[in-house]
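The values are calculated or read from the model by the stated rules, or taken from the named source; none is laboratory data. Computed from a predicted structure; not experimentally measured. Cβ placement follows ideal geometry from the backbone for every residue including glycine, while neighbour counts extend to all protein chains displayed. Areas reflect the complete protein model, heavy atoms only, side chains present, ligands, DNA and RNA absent. Shrake-Rupley method; radii C 1.70, N 1.55, O 1.52, S 1.80 Å.
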Amino acid sequence: MENEARRGQEPTKSASASTARSPGRRRDFGIFWVAQTLSVLGDSFSLIALPLLVLEATGSVARMGLLTAVGGAASVLAAVFAGVVVDRVDRRRLLIICDLARMVLYGLIPLVWVFGPHIWVLYVVLPVCEAVGMFFSVGYVTAVRGLVGTDRLTEANGRLNSTAAAAGVLGPLFAGLVAAWTGPTAAVAVDAASFAVSAACLSVVRLAPRPADDGPDPRRGTVWQDLRTGVAFLRRHPVLRTLTVLLFVFGFLTLGLTDLLIYHLKHDLGHRDGTVGTVLAVGALGTIAGSLLVARLRRLMGFGPLWIGSVAVGGLAVAGIGAATTVPAVAALTVAFLACVAMAGTCSMSLRQEITPEHLLGRVTSAYWTLTYAAAPVGAAVLTWAAESHGTTSVALVTGASCVLIAAAALVTPVRRADRP
């Protein structure tokens, strides 16, 4: 594993030199860090507001799940082409364009809602925003390594995730309060404004130039050939190949969990929008804790044990959420689940960044996300339909048990032996 990973990663001189300083002390990474924190703060408003708009207008968790599924399907479709685009264009310019596009699109929702609820607008705007967001996300992943170098990736990703989660503590809390006081549309307007601020910050960030490499010019070949390049790299690497399969199942099971949590709090336990925001805000503390601990735990435990343990414990937390009958219990289990997701997600993203050659990073990231999330939109629709038909308790139990089985399956794969390259 170690030798194979190093053959796939040849850090450039500039990238290696960039590791001399902690990511937090680098000017461009610091601005990038602020931009993403503000953007997540706004996104956390829409995370609450859009499901509440659907639930307020229809009263149906299945309709909430359908909106999540439609958005997820658009994201998966965009992921097919995002890597090709990211590897061909100026990444900073692409990130700014994506932020401005989402500012305009999310800004349309409160404007339309002035004339009354129009659910169809959500089914138009959200898929486009999710598609644009996928292009941004792939560009974002490729930009981080250019900002901090290879050796600092886990630390940098942990910092980004922890402060984003800190924004997530305030975001859902304020979003729930804003939704309770003035309606969910005001929360969507905040999200639109956050993208404007993020774009302004990114406009002054300087990304390191792409290093020269001995690989093929990413501008050559057809789109189909570029797509196959990313998939081929994943197929050749035993750990990434295995993670892709396992996360395909995990994505199917978990994309709809936020909708399930909101429905459980509002429908099963009878609480209001403010409580939903508070629980998700408290839950974000888990993401903060997991993101801050992940670099140290990975050094102590290695990639495989940490990833497997995180998925297993996260599955147990999901099983408990459906059975929990009090808000504190739901909040505590949400903290545990999100902490585990943060550690597993940061580990897998960092490993992929470390072992993928620079000129392939966009296409490999795109292929990875396309394959791992391909079934997630269907899973979200199935999960919420099942919750409405059979109750959240049984659905959460089955989902959590399935996550534990994923962790058990990983024990007999190359993931168990994987460590830092």
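Share of region 291-421's accessible area from carbon and sulfur, percent, 1.4 Å? Kindly include the intermediate steps, with their values, before the conclusion.
Values: 3470 of 4770 Å².
That share works out to 73 percent.
Tell me, rounded to the nearest percent, the portion of alpha carbon pairs in region 221-420 spaced more than 22 Å apart. Everything past 22 Å amounts to 50 percent. Take 232-242, 75-85 and order them by the average number of nearby Cβ atoms within 10 Å per residue, most first; the result is 75-85, 232-242.
For region 221-420, the solvent-accessible area works out to 38 Å² per residue, with a probe of 1.4 Å and every protein chain left in place.
Counted residue by residue at 0.36 nm each, then reduced by the alpha carbon distance between them, the extension gain from R88 to W181 reaches 28.9 nm.
How much net charge surrounds I96 when only other residues with a Cβ under 15 Å from its Cβ are counted (Lys, Arg +1; Asp, Glu -1)?
Numbers: positive: R91, R92, R93, R102, R206; negative: D28, D90, D99.
So the surrounding residues net to +2.
Segment R417..L100, full-extension length gain: 109.9 nm, with 0.36 nm per residue of separation and the alpha-carbon distance subtracted.
Can you tell me the length gained on complete extension of the stretch V245 to D268, counting 0.36 nm per residue apart and subtracting the Cα distance? Working shown, then result.
Details: separation 23, 0.36 × 23 = 8.28 nm, distance 3.38 nm.
That works out to 4.9 nm of additional length.
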